[in-house]
Each structure stands twice: as C-alpha cells, then as structure tokens.
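**Q** Submitted below is the structure of interest, expressed as structure tokens.
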Ligand SMILES: Cc1ncc(C[n+]2csc(CCOP(=O)(O)OP(=O)(O)O)c2C)c(N)n1
Ligand SMILES: [Mg+2]
C-alpha cells in the first residue's frame, strides 16, 4: 500500500492561514448540515428519487474544491452535494432540485442526478458511473487547446474506478498531458461490495503510473492533508505538468443510499472513527491540528444550525414541474412521445412512486 500523505507545510502561514482553515471547517459543517437536512427530508418523502449521502466524506470535497478558481470545471460524483455548495450554487436552488421543483437546476426533471449548473461550471453527475470523467477530460482538452489556465476536476468512487470510461479518460489525458485532476473517493464499498472484491490491488492511485502521470494517496478524513495536497498537485496541473490522480481514503459509514438499511456495512457509530482518528471526523480537524478551536473562529467559522433549514424552506417554495412541460428541453422523437406515460404521471401528480418504490405524497 502506498504511503498516505499527511499534512505538510501550508502554502501560507500565520493568522491568515488559520482564518482560511476555519472557513474550510465552516464549509464542512455546512455541507454536513445540508446532507443531514436532505436525509431528513427524504425520510419525510419530500425528496424525489434516491439520496446518496456524502456525510463523512465532506473533507474530500472541501479540501479539493478550496483551491479551485472561477471557471475551473468540476464533475462531482453522486455523493457530492457539497461540490455544488462549494462552487457557489444557490443552496435553495439545489434543495429545489432535490425536491423536483421547477425552480431547481434541471427545472423539475430528476432529482440530484442530472442536475448540473454550468453557470458555476459544475457538470452534474449522471446515473452512469464514471461517465463524467471523459466529459471532464473534454473540458481539459479545451483548456489545453485554447491555452487557458483552468483545470477540470472529476470525482469518482473506487467502484467506478474499474469502468472502461475511467480507463479511457485517464489514458487520453495522460497521452495529451491535459490539465485534469482525477479524484477518487475510496470509501471501501460499491453498494455492498467491499474493496477486496472489487480490485486485486489496494490503491486506485497505483493505476496512474499506467497512464503516465502521478497518483497520490491521502487520508480523505483529514481536511488539512487533503487541502494541502490538492493545492500542491493541482497547481502543477494548472501550470501545464499534466494530469494527476488523488486517491482519498475514507469509509462509507451509512448505507449506499438512504433507502438502504445498510446491514453491510453496518451503521455502527464506531465506524465513524477510522484507526488513528480520535473522535468523530468532523470535530477533530481544527482541534487536532492545534491551530484553532471550532467555536473560537470569527465570521464564517461559526456555523449556524439554522442555515440548512432556511435553505430547505426556500427550496420547498417553488412549484412542482407542470406535467405538460415534462418533455421541454429533452431530446426525444415526437412521434414516440409516450402519451400513455404522460397520462399516468398526470393521474399520479399527488401521490407518486419514487424510484425506490416507496409511495410518497407530493410536498405541495
Ligand atoms: C455503469 C454503472 N454500473 C452500475 C451502476 C449501479 N451503481 C450505482 S452506484 C454503484 C456503486 C458505486 O460505488 P462507488 O463508485 O465506489 O461510489 P460510492 O457509491 O461508494 O460513493 C453502482 C454499482 C451504475 N449506476 N452505473
Ligand atoms: Mg465506493
């Protein structure tokens, strides 16, 4: 197993750096608060489709997105609600998206999946695992050809790592030395399949050598380690040194999705702490580094529990998409428009069946 990279010297030091780290801690808390609120709304049948919680993996999203610049493209995976928040997408709109509201990102079509926001350079994840990596590579090719100082970032799980798309994307990026960072969130499970049944090696990062660039392994539970590694290696990528693969080791301590009872892995609170960690992941970061107290921070360092609640209320305000507009902005053959489907949906506007099979009452 490759050596895990720990936190090294920060790019800046002193009070400014401490303030910066407190802001990152704020973002982690905000993302966790948002995730928790989404899980609650799912239990109340107010969220359409599946919810894939990223709770416990927010240090990865925060640490990787923090050094990004405006105009860099990010392709999140299905657990990365936090990417949207970090990139400046309106949280109320994101909540509206999850609730299938017309005010959501994809105007009431689908839930979290297929809801990107190109205004903020976020390419939404789709239900086809790994398919966003070639898209990120396409964006990187554009930056390369136009000599733009941007990078593309593609998140993927260790399960997706074994897909052909991922291999092709990395190979192409390696051959053309494109400005793209591949970020693997290795939470040791793909649905209920444990890591040792997915791959014959321990580190996804080891595969980078086959494509001609470097792979790094970092603890995905250590915010400071993730941010410092990302700053360092993504800066090199931005400067034209070619792609990079960052593997963030973590653990999925909830079910695959919120409708998964998660008997395997068990939702055991003890699993929230990986060997070597002293307490629940979220709380250890500022304290452990000895740099700051989570409560002592100024400004954004103070997390207000009410924020995600307010965002949820804003998200819930919009109307559910009118059925007659369902096919607007979609590519389909007019003759093959499934009128029977429209009838069924119309009939079920009040009580719908979610993709998980549960009947739910429309929130409006
Ligand atoms: C090409 C493809 N195959 C299978 C699936 C079904 N599927 C959805 S999520 C998932 C597990 C993904 O595991 P991983 O990539 O490790 O991400 P994680 O859910 O652990 O974050 C699978 C198999 C899919 N969506 N797409
Ligand atoms: Mg996984």
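**Q** For 259, 78, which order do you get if you count the other beta carbons within 10 Å of each Cβ and list the fewest first?
**A** Starting with the residue having the fewest Cβ neighbours, the order is 259, 78.
**Q** Note down the nm distance, to one decimal, between modelled labels 7 Å out along Cα→Cβ at residue 202 and at residue 241.
**A** If labels sit at residue 202 and residue 241, their model points lie 2.5 nm apart.
**Q** Given labels modelled 7 Å from the Cα in the Cβ direction, how far is it in nm from residue 175 to residue 313?
**A** 5.5 nm
**Q** Also, I was wondering about something else. By the gyration tensor of its Cα atoms, with a ≥ b ≥ c the square roots of the eigenvalues, what is the shape of region 100-217: rounded for a/c under 1.5, prolate for a/b over b/c, or oblate?
**A** Because a/c hits 1.5 or more and a/b fails to exceed b/c, region 100-217 counts as oblate.
**Q** Also, I was wondering about something else. What's the exposure ranking of 21, 231, 196, 168, going from fewest to most Cβ atoms within 10 Å?
**A** 196, 168, 231, 21
**Q** With a 10 Å Cβ neighbour count serving as the proxy for reagent exposure, in which order, fewest first, do 119, 58 appear?
**A** 119, 58
Laboratory data are not the source of any read-out in this text; all were calculated from the coordinates shown. Predicted, not measured: the structure shown is a model, and the values here were computed from it. Neighbour counts are summed over all protein chains in view; Cβ atoms, including those assigned to glycine, are modelled from backbone coordinates with ideal geometry.
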